[in-house]
Structure formats: C-alpha cells, structure tokens
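The structure under discussion appears below in the form of structure tokens.
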Amino acid sequence: MAEYMIYIWLGVILFALIVEGITAQLVSIWFVPGGLAGLIAGFCGAGEWIQVLIGAVVTLVCLIATRPLVNRIMRFRKEETNSGRLIGEEGVVVQEIQNLDAVGQVKIQGNVWSARSENGQAIPENSRVTVVRIEGVKLIVKPL
C-alpha cells in the first residue's frame, strides 16, 4: 500500500468528523465508514483505485441505507412562536373595532392588541372574537 494513502484516508475520516461536529446536521457522517473501508482495503493490499472504489461504494451504501431514517428522525415540527400562537384564539373586544376610523383593540391571553375586523364591519366593545390572521401588528378578527 502506498503510504500516502493512509494519510489521505485518515484525512477524509478526520475532515468528515470535524464537519459533522461543526454542523450537527448529518451532512458528512457517511464519509467516515467509507474512509474506514478504504483504509482497511489499503491495509489488505488493495490498489489505490480499488481503495477509492471501495470507499465510495461503502459511503454510498451507508447514505442510501440510513438517509430515510435520518430524515424521519431529523424532521422538525414547526412550532408557532409569539404572535403566531394567537391565530384561532378567542378574545374580548376592549375598544370598539371600527376599520374606517382605524380604531379597535382586543384582549387575548392577558395582552391587548390593535385589531381590525375581517370583513370591515364594526364590532362592539365586550364582544367575543376569534383571531383569523395577523397583518403587521394588528390582529384581524371575526365575531363569534
């Protein structure tokens, strides 16, 4: 075995581990078993091109075999934060909503928000409303 191939395989393994450690997104982990397979093939007396072929095949097999599992494990659920959680929530009008006058406030989860009605109609004070969507800093609501 050409001695420089040992360093190439160790470099591939080390580089893949470092990239994986930095990203933690499972983007290069498959090169580690491929690098190990190429290194072992070299110690067994395989030629340089055979080592590269074995390393590439093992990397590809590991990728194909584990990628669906990794995708299932790494799937992140979108969780609404802050104001996005208000959509669908019920609140109480604390200041009459008049779209034409650009006034109106709704209290939801203990906080008071500027609000406008979904269809432009006036909504009287103390009415119960549901948040339909958010536009800028205003809740768009409809009466219950």
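The values are calculated or read from the model by the stated rules, or taken from the named source; none is laboratory data. No experiment lies behind these values; they were computed from the predicted model shown. For neighbour counting, all protein chains shown are included, and Cβ atoms are generated from backbone atoms with ideal geometry for every residue, glycine included. Keep in mind that these areas ignore ligands, DNA and RNA; they rest on the heavy atoms of the full protein, side chains included. Shrake-Rupley method; radii C 1.70, N 1.55, O 1.52, S 1.80 Å.
How far is helix 48-74 tilted off the main Cα axis of the chain, in degrees rounded to 10, range 0 to 90?
In the chain, helix 48-74 runs at an angle near 20 degrees to the longest axis.
Between Met74 and Gln109, what's the calculated FRET efficiency when r is the beta-carbon distance and R0 is 41 Å? Round to 0.05.
Details: r = 32 Å, r/R0 = 0.78.
E between Met74 and Gln109, to the nearest 0.05, is 0.80.
Give me a comma-separated list of calculated 3J(HN,Hα) values for the stretch 10-24, in order, Karplus coefficients 6.51, -1.76, 1.60 applied at θ = phi - 60°, integers in Hz, x for any Gly or Pro.
Working through the residues one at a time gives 5, x, 4, 4, 5, 4, 4, 5, 5, 4, 5, x, 6, 8, 6 Hz.
What is the distance in Å between the Cα centroid of the stretch 81-120 and that of the stretch 10-45?
After rounding, the separation between the Cα centres reads 55 Å.
Considering only protein heavy atoms and a 1.4 Å probe, what is the carbon-and-sulfur percentage of the accessible area of the stretch 1-124?
Of the solvent-accessible surface of the stretch 1-124, carbon and sulfur hold 64 percent.
Using only C-alpha positions, report the orientation-averaged shadow area of the convex hull of the stretch 84-142, nm², one decimal.
Values: hull surface 13.3 nm².
Its Cα hull, projected and averaged over all orientations, spans 3.3 nm².
Taking 2.2 N^0.38 Å as the expected size of a compact globular protein, what ratio does the Cα radius of gyration of the stretch 1-77 give against it, to two decimals? Write down the numbers at each step before the final one.
Details: Rg = 13.8 Å, N = 77, 2.2 N^0.38 = 11.5 Å.
For the stretch 1-77, the normalised Cα radius of gyration comes out at 1.20.
For the chain, what log10 I(q)/I(0) values come out of the Debye formula at q = 0.11 1/Å, with one point per alpha carbon and no solvent?
Here log10 of I(q) over I(0) equals -0.57.
How big is the dipole moment of the chain about its Cα centre under a simple scheme where the beta carbon of each Lys and Arg is +1, that of each Asp and Glu is -1, and everything else is neutral? Debye, nearest 20, please. Provide the component values of the computation, followed by the final result.
Values: 12 positive and 12 negative charges, 66 e Å.
Dipole magnitude for the chain comes out near 320 debye.
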